[in-house]
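J.: I have a structure here, written as structure tokens, and I will follow up with some questions on it.
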Amino acid sequence: MSLSVAKVDVTCPHCGATQKEPPSAVSTFCRSCSEHFEIGMRRQIASARPKKPQREVHCYRCGADHEVSRSARSTLCPTCNAGIELCDMDFSANASRPVDIRGKLRVRKGAHLNNSLIICTDARIEGQVTGTLLCEHHLELLGSGKLSFKATAETTLVGHKATIELVYPLKTKSLEVNGCLTGQIFCTGTVRIHKGAILRGSLEARSLAVDRGGICEAFTKIVSSPTPPQAPTKID
């Protein structure tokens, strides 16, 4: 048994006559004047469909931006063909591999992630990281010990139980210290040292706030325009 498809009215642009055509038709001949004309129903249907939500992805290899579907799990930069994963990564064991994601990175206690360039949206570091860590948004330092990575982040938080020594400079827009942090810090915003927290080393920032019970033992320089901490748009 065949099912009939309801036809729709179309109007001939040449003589004005109306006739029935299938909704999937693209063009037809007028039954009154025999002229050929396009219906364009398919194009109308396609244009009426809502566009899939997009997200913008920045490539730090070449500096180009492109859009992908929000449901995509990975993408290739159309300019330099670099692979970018649009997902979270969680390391609970030692690993030495490139990480270029637009998601959350977690390195658990006892794990060590080693690579020359590690890129993510947010990072939660409980273990060890070696290399250059480029964090688009939020960085949490929750472990203890000496960390051998160059870090750039928009916001940085040092956890309550953390006792951290940074081998290389940390560049950030804001910093909250709840534990003990030693290192060279460049901050374009405010550094906040909470009660019971300690900051040592050197600090260059726009402003510094120390809560009652907090300690700042760092050589401190307050400047109106500190060294820019934002992530580079391109990695050479």
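J.: Name the strands (runs of 3 or more DSSP E) wholly within the stretch 169-218 that hold at least 3 residues that are among the hydrophobic types (A, V, I, L, M, F, W, C) and surrounded by fewer than 19 Cβ atoms within 10 Å (Cβ to Cβ)?
T.: Because the criterion is at least 3 residues that are among the hydrophobic types (A, V, I, L, M, F, W, C) and surrounded by fewer than 19 Cβ atoms within 10 Å (Cβ to Cβ), the strands (runs of 3 or more DSSP E) in the stretch 169-218 that meet it are 198-210.
J.: Looking at the stretch 142-158, which of its residues are over 23 Å from the mean Cα position of the chain (by Cα) and surrounded by fewer than 20 Cβ atoms within 10 Å (Cβ to Cβ)?
T.: S144, G145, K146, S148, listed by residue number.
J.: Could I ask something else about it? Give me a count of the residues in the stretch 125-141 that are outside any strand (DSSP E or B), touching a Ser or Thr at 6+ places or on another chain (Cβ under 9 Å) and either buried (at least 20 other Cβ atoms within 10 Å of the Cβ) or among the acidic types (D, E) (or both). Can you show your working first?
T.: We begin by selecting, within the stretch 125-141, every residue outside any strand (DSSP E or B); these are 126-127, 136-137.
In the following step, the residues that additionally are touching a Ser or Thr at 6+ places or on another chain (Cβ under 9 Å) were identified as 127, 136-137.
Pick out the ones that are also either buried (at least 20 other Cβ atoms within 10 Å of the Cβ) or among the acidic types (D, E) (or both) and you get 127, 136.
Matching residues across the stretch 125-141 total 2.
Condition check ((1) outside any strand (DSSP E or B); (2) open to solvent by 40 Å² or more (accessible area, probe 1.4 Å); (3) small (G, A, S); (4) closer than 24 Å to K161 by Cα) across all residues:
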| site | (1), (2), (3), (4) |
| --- | --- |
| H66 | no, no, no, no |
| A72 | yes, no, yes, no |
| N81 | yes, yes, no, no |
| R97 | yes, yes, no, no |
| D100 | no, no, no, no |
| R106 | no, yes, no, yes |
| N114 | no, yes, no, yes |
| I119 | no, no, no, no |
| A123 | no, no, yes, yes |
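J.: Return the only residue of S47, S27 being under 30 Å from V10 (Cβ atoms), loosely packed, with under 11 Cβ neighbours inside 10 Å, modelled with pLDDT under 90 and of a type in the set (S, T, Y).
T.: Unique residue meeting the criteria: S47.
The values are calculated or read from the model by the stated rules, or taken from the named source; none is laboratory data. Treat the numbers as computed from the prediction; the structure is a model and nothing was measured. Heads up, the Cβs are rebuilt from the backbone with ideal geometry, glycines too, and the neighbour counts pull from every protein chain shown. Side chains are part of the model used for accessible areas, which takes the heavy atoms of the whole protein and leaves out ligands, DNA and RNA. Shrake-Rupley method; radii C 1.70, N 1.55, O 1.52, S 1.80 Å.
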